[in-house]
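The values are calculated or read from the model by the stated rules, or taken from the named source; none is laboratory data. Everything quoted here is computed from the prediction, not taken from an experiment. Quick reminder, even Gly has a Cβ in these numbers, built from the backbone with ideal geometry, and neighbours come from all protein chains shown.
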Amino acid sequence: MTTFNVPDMSCGHCTAAIEKATLAQDKTAVLTFDLAGRKVEITSTLDDAQIAGILTAEGYPNTPSR
């Protein structure tokens, strides 16, 4: 599990876009969102760099943290 700081994530549309893009690459991924903190915890078979790339490609620059 990795927590990603996603400063531009601010609404349900943002979380839906992130979830859809991540699940398209790993159908077993589990995402937990904290909109107030602008963070998403992702458990996935993908590595952190792959997930960061997915988020960035969706328009959500991010910083992984553990």
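So for segment 16-37 (the condition being assigned to a strand (DSSP E or B), among the aromatic types (Phe, Trp, Tyr), at pLDDT 95 or above and crowded, with 16+ Cβ neighbours inside 10 Å), does at least one residue qualify?
So the first thing to find is which residues in segment 16-37 are assigned to a strand (DSSP E or B), and the list is 30-34.
When the remaining residues are screened for being among the aromatic types (Phe, Trp, Tyr), the result is 33.
Now restrict to residues that are at pLDDT 95 or above: 33.
Within this subset, residues satisfying the condition of being crowded, with 16+ Cβ neighbours inside 10 Å are 33.
Yes: one or more hits.
Can you tell me which condition Met9 does not meet? The list is (1) surrounded by 15 or more Cβ atoms within 10 Å (Cβ to Cβ); (2) without any contact (Cβ under 8 Å) to a residue 40 or more places away in the chain; (3) assigned to a loop (DSSP other than H, G, I, E, B), and all the others hold.
Failed condition: (2).
Just to be sure I understand, how many residues within segment 38-47 are closer than 12 Å to Asn62 by Cα and part of a loop (DSSP other than H, G, I, E, B)?
1
With the requirement that a residue be in a loop (DSSP other than H, G, I, E, B) and either closer than 14 Å to Leu23 by Cα or among the β-branched types (Val, Ile, Thr) (or both), what does segment 48-66 give you? Before the answer, list the steps.
From segment 48-66, those in a loop (DSSP other than H, G, I, E, B) are 58-62, 66; that's our starting set.
Selection gives Glu58 alone.
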